[in-house]
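Step one of this worksheet: look at the structure below.
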Amino acid sequence: SAHVDILRMLRPLLWRLEHVALVEDAAAQPVGVPADAASASAQLSSTMGSIPLSLRCAALSHKNAACGVDYEVLEFVGDAGLDLLAVVTAMAARPQASEGELTTDKTEMVRNMTLYRRGTLLGLPAVCLQRPFDKEKQLPELRKRLLSKKEIADLVEAILGEAWEAGARDAVGL
């Protein structure tokens, strides 16, 4: 019947709405962030709150979720921006350092393990849409976290990419 068909459509709709709500809430208070990460949490909150919700959802949607958007392009942009920021940060921290020392400092900042730790600290895996809706599975099973350390590092780069993208849109008045 039509009523049963409508009810069947509710579960995938709720699945997506939950993701949007988690992303929106993460702008106010990242999920699962321990008290000792208050500074990082505040930085993420202030950055994400000014970024359009559609960009935030894209940055926190894994390609395996098959939802029409994913973080790969934003990750690419974030990776490029991160390299630049890491160079500037290394130079500002140690202006007298040699090129080799600056390269070592920059490399440490952009390492996947460094980004993984930051992404975990910020609670990014808890808000990432990681898999497509599967009508055969219950919602708690769909929410299980499956991201590798590399993918969590990629989320950090995607968050940086969304900030660059939002800034570029603001700069050109979009």
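Here Val127 clears all of (1) among the β-branched types (Val, Ile, Thr); (2) open to solvent by 20 Å² or more (accessible area, probe 1.4 Å); (3) modelled with pLDDT under 95 except the condition numbered (2). Against the condition at pLDDT below 95, aliphatic (A, V, I, L, M), in contact with a Leu (Cβ under 6 Å, 6 or more places away or on another chain) and open to solvent by less than 30 Å² (accessible area, probe 1.4 Å), how does Leu122 come out, does it pass? So Leu122 fits the description; yes. Of all residues in region 146-161, those being in a helix (DSSP H, G or I) and over 17 Å from Val110 (Cα atoms) number 0. Out of the residues in region 50-98 meeting the condition of being closer than 21 Å to Gly119 by Cβ and among the basic types (Lys, Arg), tell me which one is surrounded by the fewest Cβ atoms within 10 Å (Cβ to Cβ). Top of the filtered list is Lys63.
The values are calculated or read from the model by the stated rules, or taken from the named source; none is laboratory data. Remember, predicted model here, so these are calculated numbers, not experimental data. All Cβ positions, glycine included, derive from the backbone under ideal geometry; neighbour counts span all protein chains shown. Areas reflect the complete protein model, heavy atoms only, side chains present, ligands, DNA and RNA absent. Shrake-Rupley method; radii C 1.70, N 1.55, O 1.52, S 1.80 Å.
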